[in-house]
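Below: the structure, in structure tokens.
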Amino acid sequence: MTNNWGKEGAMMTETEASTMVEDDVQKNKGMAILAYIGLLFIVPLLAAKESKYAMYHVNQGIILSLFGIGLYVVGTILPVIGWLLILPVVSIAWLVMAILGILNAANGKEKPLPIIGKYKIIS
């Protein structure tokens, strides 16, 4: 049986550690979902900074926002190709990834987003 250390420095069993993780997930699902809605990742970043679950999804939300903003800037600067190709593709990709992130957060999963999910900004 694997043991973990709790906040008070006492040993916890694997079952107790698992229960704490599940409590964290249930308590912070709403904050994790907010992380994917536009720039609202700031709310859980400030309100749920003690939650590993919420911070995982905040990280994904920040990366998604930076991805979207960066490609929107490129699409806006480039005439014709940017307006007719880059902006629509980026908009659809951003929407699909935001929906995937929201579904993962709502289902209690810590699954990385496609393409951009492997990057980490906050730990």
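Details
- Note on Lys120 and Ile99: the extension gain reaches 5.6 nm, defined as 0.36 nm multiplied by sequence separation minus the Cα-Cα distance.
- Given R0 = 41 Å, the distance between the Cβ atoms of Leu84 and Val21 translates into a calculated FRET efficiency of 0.35.
- When the chain is treated as a Gaussian network with alpha carbon springs shorter than 10 Å, the biggest mean-square fluctuation among Met97, Met20, Met55 belongs to Met20.
- Charged neighbours of Leu45, selected by a Cβ distance under 15 Å, balance to +2 (K, R count +1; D, E count -1).
- Electrostatic bookkeeping for Ile102 treats Lys and Arg as +1 and Asp and Glu as -1; over the other residues with beta carbon under 15 Å from its beta carbon, the sum is +2.
- The calculated pair-distance distribution of the chain uses every alpha carbon pair, bins of 10 angstrom beginning at 0, and gives 14, 37, 27, 14, 5, 3, 0 percent.
- Each of the trypsin sites (Lys or Arg not before Pro) that DSSP puts in a loop and that has at most 16 other Cβ atoms within 10 Å breaks the chain; the longest unbroken stretch is 50-108.
- Local electrostatic count, His57, Cβ distance below 11 Å [Lys/Arg +1, Asp/Glu -1]: +3
- Positive end of the dipole of the chain (Cβ unit charges, origin at the Cα centre): among Leu40, Trp94, Pro114, the Cα lying farthest that way belongs to Trp94.
- Sparse-neighbourhood loop sites, GluC sites (Glu not before Pro) in region 16-101 - DSSP loop, at most 11 other Cβ within 10 angstrom: Glu50
No value in this document is a laboratory result; all are computed from the given coordinates. Source: prediction; values computed, not measured. Heads up, the Cβs are rebuilt from the backbone with ideal geometry, glycines too, and the neighbour counts pull from every protein chain shown.
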